[in-house]
Amino acid sequence: MIEVQNLAKSFQYDKVALKEKKKKAQVEVDPREDERQFHAVRNVHFKCEPGKVLGLLGPNGAGKTTTLRMLSTALTPTKGTIVIDGQNVIDKPLLMRKQIGFLSGKTSLYRRLTVRENVRYFGKLHGMSGPQLEDKIDKIFDLLNIHLFENKKAEDLSTGMGQRANIARTVIHDPKVLILDEPTTGLDVISAKTIVDFIDSYRGSDVSVIFSTHHLHEVESVCDHVTLIDKGITQFSGTVDEFRAKGGGKDLYSSFLALVSSGEEHQTPAKQQKELMGEV
Amino acid sequence: MWEIYKKEFLELVRDRRTLIFAILLPTIIMPAIFGGVIFVADKVNKKAQNEELTYIIQNADAMPDIVKELEKQDKFKHMSVDDIDTLTADDIKAKVQSGEFKFALILPKQGLSNLAQGKQATVELHFNNASVTNKIYQRVKSAIDVLNEKHQGQLLAKFNISKDQLSGLMNPIDIKRVNTADNREDIGEKIGGLLPYVLMILILTGAMYPALDLGVGEKERGTLETLLLTPVSRTQIVLSKFLVIFSTGFLTVFLTLASLVIWSLIALNVLAIGVLDKLTQIIALSDVLLVFLMLAPVAAIFASLLLCASIYAKNFKEAQNYMSPIMMFSFIPIIFSILPGVQLDNTWAWVPLTNVALAIKEIVKGTIDYGMMGIIFLSTTIMAGILLYFCNLWFNRESVLFRS
């Protein structure tokens, strides 16, 4: 199980950003900004039990990616705790990385290595080796139907093949927590379906899945719980049904709009509205 | 760490750009370019030596011996031009430019009487000297030198003066230069200044592309983040990347030197080039190994510096912008080493890069102080260590890794 409490992350402005901020200061007021720092995440909390899928929602710039980067140990939180199976991730990041699998729409494979070489490389970095590693690779490749292109270089793969290979890379070390940051962004319907099916396959297992997305129909189909972040603060955390109820029981889209700070700054642009409705 | 090193190296080897810059450039392309330049220069020189020189002589009657001597020369062709004795310098210039003849010789009207009185006769040679490859002056001079010698002999006999007395008359006290430098020191001084410059450029160019690829390249492609999430410490990741860049830079210079040795041996045996024969006799294998030893910390300095810039950059374009100043600032210490008066001493031995450039020069000359080599190795290694330390610090900073 993964449990996140009172999580916060602040970034120091560099000189250029500080200059630009001063220019904008009179025009916009953002509660996350102060003189010297940007508080990207201010108070995020949620928990996800094994076998459950948690959908992490929020408008662009809400702090989802920063939160997931903290969960994955890429960033160190300014404050708060991230506990996986009773152990604080922040205290022992190197050790805890063995428990975490991370996949995002932006991460990719090593272009000049074959799919098998890529997956084998990450397996070795996680301390696996020999026949045990090769067997594990074969099993995952069977599951994801990768054998046909396992000897192709990553640079020669289609987007869908690449994403399947990326999934194999993410789970090669049997992580207890899977963190997926907008993994379906930019993918065609078939590739996106592969990812969603893959997430669905973890329901009822001993793995906790945290999945951030803008596509609410994906949340509807695979998530057990929803956490909605806005301006770096958890606005809602509960089951999908509870989330739906927040919008008057209509649909998740209504709940989303009702929960994000109802101020004018969240006049959702047309593209994001379409994303929310799963049209993009 | 070893896994990361192996993977990075494998990826680089599979990259066409690395293949070109680190392997083909030093082993095939550079020697081919050098060989091509030498071949063309040799051809041009031979052509200039053997080309037919067409010429005219003004006031030919004034010094008939010169006319006869030139006519005896191989590939000299005396041309006849109308109203030759009335041609002005401008006319001659125009005719040389138009290719009517290659040169014109204007003999002094009083030439013979001047010589008879023991005076000097000045002959004017008009030719296009802008072309650096032309041999007109040398070829005409060698023809006239024959006459000079003959006339000088006659004069000495006439005045009853021996050649020794003539020397005493012309230059009563002479200074004879005795070069205490042996052949090796002499050659070393000539090529030793250039060698470090070439070798260090090779290290830098060999290391540059891998540094870009392994730092900002990984950032841009989104593979760095996945690597950061493996149970490998950031220090180990930096060290692996550093070692790959270091190896590539070093490999480039190794391949270059190895290919130069091989190509030189081929040229020596097949083409029998005398200079190479001399070089291989004076520079021993141990000297080449010493040069390598000196270059190791240099490769480490460049690898750390390039990795720092590559990790810091937001994108490939920004990283490339950092490369030019790095190259420029790296050359300044090397240029110090070729300045007059800069010698390897206790002070310069502590200046990174300059010290190595000076040491390589001394190694080639055969005058290296081995004690000094220890100081150089130590100071350069300390410098590389400091840079690597900063590189590691940067790699552990979120603001650098996730800079956007």
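Read-outs: derived from the displayed coordinates by stated rules, not from any lab. Note that the structure is predicted; figures quoted are calculated from it, not measured. Here Cβ is always computed from backbone atoms with ideal geometry, including for glycine, and neighbour counts include all displayed protein chains.
Mean residue ellipticity at 222 nm from the helices of the protein assembly as shown, using -39,500 (n - 2.57) per DSSP H segment of n ≥ 4 over the full residue count, to the nearest 500 deg cm²/dmol?
-16500 deg cm²/dmol
The angle between the Cα long axis of helix B:183-192 and the main principal axis of chain B comes to about 60°, on a 0 to 90 degree scale.
For B:D145 and B:L194, the FRET efficiency from 1/(1 + (r/R0)^6), where r spans their Cβ atoms and R0 equals 35 Å, is about 0.50. Annotation: lysines with alpha-carbon distance below 28 angstrom to B:K317 (same-chain offsets under eight excluded): A:K15, A:K19, A:K21, A:K22, A:K23, A:K24, A:K106, A:K153, B:K6, B:K7, B:K219, B:K241.
How big is the charge dipole of the protein assembly as shown about its Cα centre, in debye rounded to the nearest 20, if each Lys and Arg gets +1 on its Cβ and each Asp and Glu gets -1 on its Cβ?
Values: 77 positive and 75 negative charges, 97 e Å.
So the magnitude is around 460 debye.
Within chain B, the percentage of alpha carbon pairs spaced more than 30 angstrom apart rounds to 61%. Divide the volume of the convex hull around the Cα atoms of the range A:2-261 by the residue count and you get 142 Å³ per residue.
Under 20 Å from the 7 Å Cα→Cβ point of B:I20, by amide nitrogen: which residues of the range A:101-115? Hits in the range A:101-115 for B:I20 at 20 Å: A:111-113.
Strictly greater than 37 Å: what percent of every Cα pair in the protein assembly as shown meets that?
Values: 137490 of 233586 pairs.
Summing the P(r) of the protein assembly as shown above 37 Å gives 59 percent of all pairs.
Under 16 Å of direct C-alpha separation, and excluding same-chain neighbours fewer than eight residues apart, A:K231 reaches these aspartates and glutamates: A:E28, A:D30, A:E33, A:D34, A:E264, A:E265. Residues in the range A:71-83 carry Karplus couplings, in order, of 4, 7, 6, 5, 10, 9, x, 6, 7, x, 9, 10, 10 Hz; the curve used is 6.51 cos²θ - 1.76 cosθ + 1.60 with θ = phi - 60°, and Gly or Pro positions show x. Looking at the range B:24-96, the GluC sites (Glu not before Pro) that sit in a DSSP loop and have at most 16 other Cβ atoms within 10 Å of their own Cβ are B:E51, B:E52.
FRET efficiency for the B:Q343 to B:I175 pair, using the beta carbon distance and R₀ = 22 Å, is estimated at 0.30. Only lysines eight or more places from B:K68 in sequence, or on another chain, were considered; those with a Cα closer than 22 Å are B:K77, B:K102, B:K109, B:K119, B:K135, B:K141, B:K150.
Which chymotrypsin sites (Phe, Trp or Tyr not before Pro) from the range A:82-169 combine a DSSP loop assignment with at most 16 other Cβ atoms within 10 Å?
none
For chain A, the relative contact order is 25 percent, taking Cα pairs closer than 8 Å that sit 6 or more residues apart in sequence and dividing their mean separation by the residue count.
May I ask for the longest run of chain A untouched by GluC sites (Glu not before Pro) that are loop-located per DSSP and have at most 14 neighbouring C-beta atoms (other than their own) within 10 Å?
Longest stretch, sites excluded: A:36-278.
In whole percent, what relative contact order does chain B give with Cα contacts below 8 Å and a gap of six or more residues? Before the final figure, lay out the partial values.
Working: 435 pairs, mean separation 79.1, N = 404.
Answer for chain B is 20 percent.
Between helix A:115-125 and chain A there is an angle of about 80 degrees, using the helix long axis and the longest principal axis of the Cα atoms. When you filter the trypsin sites (Lys or Arg not before Pro) in the range A:32-120 for DSSP loop state and at most 12 other Cβ atoms inside 10 Å of their Cβ, you are left with A:R36. Each label point was placed 7 Å from the Cα along the Cα-to-Cβ direction; for A:E49 and B:L293 their separation is 6.9 nm.
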